[in-house]
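What follows is a short report on a single structure.
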Amino acid sequence: MTLVRPRLTDHHGILVAQESVDFAIPFLDDDIPLYVDPFLLWKSPSMQETSLHIALISAFNGIGRMATTGRKRDARRILIELSECTEAGLGQARNRVGRRISEAKADEIISLFESIPDVQAQGLQHIEAVQLLVDGIAKDRISDFTCSLLKSFLIDFTMHNCKKTGIPTEKVAIENLYDPARRHMTSEVVDLPVNPETKAPILLIPKRWLRFMPWINYDGFFDNAYVKLASGVAPEGRERIDVLAFNRHNFGVVKDYLDSRQKTALDCRNDPLFRQIPITSAKTKWAAIKKLPTGTGGAADKKYEGYIEQLLASLLYPQLDFAQGQSRTDSGAHIRDLIFYNNRGVDFLEEIHEKYGCSQIVFEMKNVREIQREHVNQLNRYLVDHFGRLAIFVTRNPLPNSIQRNIVDLWSAHRKCILVLTDDDLQTMVTVFESKQRMPIEVLKRAYVDFTRACPS
Amino acid sequence: MPKVTRKATDQQESNYITQADVEMFGKVRSQMTKLSADLEALSKKSPDAPVSKFKLTFVNEMLRDANRFLTPPFKPIEGFELFDDVALPSNSDSVMVLNQYLTCLENWRSAHIHETTRDGFNKQWVWNIPGESIPAGRPTSG
């Protein structure tokens, strides 16, 4: 079975909504576009997480001190090995293969412990400060260092959650595990989920640790601290390299910025894996859809598809997680689909999974005045594999009687179910999205129940 | 104390009810009237918005109680028993149905009361309960 944008859980037939689990569900062929922000551990009310932050900082500073106490080569090697945590699958790498830092970059990091008296004496309080001192170190690298240094905890977290949700695991060797007591890298054989194709181990990451941008970041420092320095204090140059050089010689400025970020820690929250569009935006998009003419004139079909994609992804969340929009061609016709993971979060979703074998639900958008027999045939041909035998037309008007009979006949002959969401249904979905009196997915359920009632018993 | 003179006709005898019916009727009608007024206010703002699950449960509970009285010929809408939650009935749908029910409840009440006199004068309307004279309001429908 080939899933569209497969996730670890869906691959194993474990249909859970992202909303209902503590970890970010990993994609098998893509990274999660968020990063671990160690500041979220620092500010956490949980003693376990603040302890993890202390352990993280202590381990990182320990590596720095190794360099100043005659083990520079070891420190460099450890930093390089910690600089990429492929098991976590975070960031923007589509093929999930990241690159480690170079020896020169590792030396630059080590030099902080040699050249900055404050760091030499007390170490770093926040690992994110490295972004403000070394060029080429950004949010992805901070996230990787954090995951690598906390790998032991993440292994336990992954094993616990796999057991809880039923994700299969295999005995697999985890490399680059840092032992802070003996200050060296080690490896361990543990039970972890693996990528079914590459057999690479996968670590689950707590959702509450993820942000798109770390709370302490270079842009924030530049806008809120650097540019506000009194004239004559900051150097003329405003290039990144000038700023970083200035910071290394004026660590007090970095410390002040870190203090200010700590003081506003209450505002720091993790970023959700999916952000619904606001109600006003949903209403605006719906108003724009209503004004669109049917057909392709003025690229109305493209606009319709764009608006519907944004609307449905938000309206159906969190009961259905949006996988992706994709295009295909059938008999020379361009067709745009929306694919959702079927999380079976609502009773009727469970039913369509069982009755129609839908692991993923496909919505086909048709900005036409009237659905034709050919449209039904195109969709029918598409109902294979993971989509099972159910699909949904999103179109402007109710089906003509002849087409309605056509889809009922399709059910009678092949037990294939084609549902329809019209402008009226979308209007209701947007209304309940605003009023919160109902869930928009109940409109989809209504379409399903209406269809089943129209079918011969 | 003068005794109430009861002059029940054959028709009234066939419409005899119990005191429990009267109490139940009073509860159902007053709650339904209030619910209808609340939903009417919502309906003026957004007539096509679906009624919330909680409100719909309450509406259906009222309708279920009213259906105990409103058997033919008092049944308000042929073939209708309760709202289907899956069909997402709108605010205006529910107001329309509740108003139909209130009208039919009044028809039912009018058919289950009669007028009595005390010593030939001082007429009053009472429920058709044998041996009891629970006062009822004047009928407002035929």
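If you go through the range A:143-172, how many residues are of a type in the set (S, T, N, Q) and buried (at least 23 other Cβ atoms within 10 Å of the Cβ)?
Residues meeting the conditions: 4.
Quick one: in the range A:41-59, which of the residues that are touching a Leu at 6+ places or on another chain (Cβ under 8 Å) and under 29 Å from A:GLY166 (Cβ atoms) is surrounded by the most Cβ atoms within 10 Å (Cβ to Cβ)?
A:LEU41
Quick test for you: out of A:LEU426, A:LEU444, A:LEU410, pick the one residue that is in a helix (DSSP H, G or I), farther than 19 Å from A:ASN342 by Cα and within 13 Å of another protein chain (Cβ to nearest Cβ).
A:LEU426
For residues in the range A:173-207 being β-branched (Val, Ile, Thr) and touching a residue at least 12 places away in the same chain (Cβ under 8 Å), which is surrounded by the most Cβ atoms within 10 Å (Cβ to Cβ)?
A:ILE205
Just to be sure I understand, how many residues within the range A:193-233 are small (Gly, Ala, Ser) and in a helix (DSSP H, G or I)?
2
Quick one: is B:PHE69 of a type outside the set (Asp, Glu), buried (at least 16 other Cβ atoms within 10 Å of the Cβ), at pLDDT 90 or above and within 20 Å of B:GLU106 (Cβ to Cβ)?
no
When the range A:123-151 is examined, which residues are found to be assigned to a helix (DSSP H, G or I), farther than 21 Å from A:SER260 by Cα and not acidic (Asp, Glu)?
Initial filter on the range A:123-151 (assigned to a helix (DSSP H, G or I)): A:127-132, A:139-149, A:151.
Next cut, farther than 21 Å from A:SER260 by Cα only: A:140-141, A:143-149, A:151.
Listed by number, the residues that qualify are A:ARG141, A:SER143, A:PHE145, A:THR146, A:CYS147, A:SER148, A:LEU149, A:LYS151.
Any chance you could count how many residues in the range A:424-457 are touching a Lys or Arg at 6+ places or on another chain (Cβ under 8 Å) and at positive phi?
Residues in the range A:424-457 being touching a Lys or Arg at 6+ places or on another chain (Cβ under 8 Å) and at positive phi: 0 in total.
Only residues that are touching a helix residue (DSSP H, G or I) at 6+ places or on another chain (Cβ under 8 Å) and assigned to a helix (DSSP H, G or I): list them for the range B:76-103, please.
Within the range B:76-103, B:ASP85, B:VAL86, B:ALA87, B:ASN91, B:SER92, B:SER94, B:VAL95, B:VAL97, B:LEU98, B:ASN99, B:TYR101, B:LEU102 qualify.
Give the residue that is surrounded by the most Cβ atoms within 10 Å (Cβ to Cβ), with candidates limited to residues of the range B:42-64 that are among the aliphatic types (A, V, I, L, M) and within 14 Å of chain A (Cβ to nearest Cβ).
B:VAL51
For A:LEU316, are the conditions met, namely being touching a strand residue (DSSP E or B) at 6+ places or on another chain (Cβ under 6 Å), surrounded by 19 or more Cβ atoms within 10 Å (Cβ to Cβ) and either of a type outside the set (Ser, Thr, Tyr) or touching a residue at least 60 places away in the same chain (Cβ under 8 Å) (or both)?
So A:LEU316 does not fit the description; no.
I'd like the residue in the range A:413-423 that is part of a helix (DSSP H, G or I) and in contact with a Lys or Arg (Cβ under 9 Å, 6 or more places away or on another chain) and, out of all such residues, is nearest to the other protein chains (Cβ to nearest Cβ).
So the first thing to find is which residues in the range A:413-423 are part of a helix (DSSP H, G or I), and the list is A:413-414, A:423.
Keeping just the survivors that are in contact with a Lys or Arg (Cβ under 9 Å, 6 or more places away or on another chain) gives A:414, A:423.
Working: A:HIS414: 25, A:ASP423: 13 Å.
Filtering first and then ranking leaves A:ASP423.
Does A:ASP140 satisfy the condition of being surrounded by fewer than 23 Cβ atoms within 10 Å (Cβ to Cβ) and of a type in the set (Asp, Glu)?
Here the answer is yes, as A:ASP140 does meet what is asked.
Can you tell me which residues in the range A:221-243 are within 22 Å of A:ARG141 (Cα to Cα) and either basic (Lys, Arg) or surrounded by fewer than 19 Cβ atoms within 10 Å (Cβ to Cβ) (or both)?
Selection gives A:PHE222, A:ASP223, A:GLU239, A:ARG240, A:ILE241, A:ASP242.
Can you name every residue in the range A:33-78 that is free of Cβ contacts under 8 Å to residues at least 40 places away in the same chain and of a type in the set (A, V, I, L, M)?
Scanning the range A:33-78 gives A:MET47, A:ILE54, A:ALA75.
Does the range B:76-91 contain any residue that is closer than 29 Å to B:ASP48 by Cα, touching a Leu at 6+ places or on another chain (Cβ under 8 Å) and loosely packed, with under 13 Cβ neighbours inside 10 Å?
Looking through the range B:76-91, at least one residue is closer than 29 Å to B:ASP48 by Cα, touching a Leu at 6+ places or on another chain (Cβ under 8 Å) and loosely packed, with under 13 Cβ neighbours inside 10 Å.
The values are calculated or read from the model by the stated rules, or taken from the named source; none is laboratory data. This is a predicted model, so every value here is computed, not measured. Positions of Cβ are generated from backbone atoms using ideal geometry, with glycine treated the same way; all protein chains shown enter the neighbour counts.
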